[in-house]
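Report on the following structure.
None of the figures in this text is laboratory data; all of them are computed from the coordinates on show. In this text, all values refer to a predicted model and were calculated from it rather than measured experimentally. Note that we place each Cβ from the backbone using ideal geometry, even for glycine, and neighbour counts take in every protein chain shown.
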Amino acid sequence: MPPFRITCSTAIASRLRTSATSAESERYLLTCYRYIELNPVRAGIVTDPRDYPWSSYRANALGIRDPIVSPRSGYQVLGADTLTRHNAYRALCNEMVGDTTLELIRVATNKGCALGSEQFHATMGLLLNRRTHAFRGSRAAGPQI
């Protein structure tokens, strides 16, 4: 799997401080989860993410205990109870990531930046004390997931 420098790993590590940005962070994080879980399917290694043994899919979607997988806050928002979260995670990963989103994630990953609204970029820029846009030109026209 490709490394997730600032994109997904920073979104996971940073608990954002406003509800609007936090909601966007959770949406972004879930998109990253789906991107990661479906990498082996996209690569043709397996036809179903449950068949890839080095993934958190089976723990998050099927409830199979894995000692190195622990539920994160982004996963917890999928439902109030375990069964609801499992069902929601399966539904999340049931749909492949679209080509546009794939390209946006790949570009942002390669450039060490994040994706999201202007508010998200402003908050992340302040938290990280660095530029978070991967694309030059109009910031307002920046990519979003």
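Going by C-beta contacts inside 10 Å, put L30, L126 in order with the fewest on the left.
Ordered from fewest to most neighbouring Cβ atoms within 10 Å, L30, L126 come out as L126, L30.
Taking N as the residue count of region 23-107, its C-alpha radius of gyration divided by 2.2 N^0.38 Å amounts to 1.05.
Computed on region 7-128, with alpha-carbon pairs under 8 angstrom and 6+ residues apart, the relative contact order is 31 percent.
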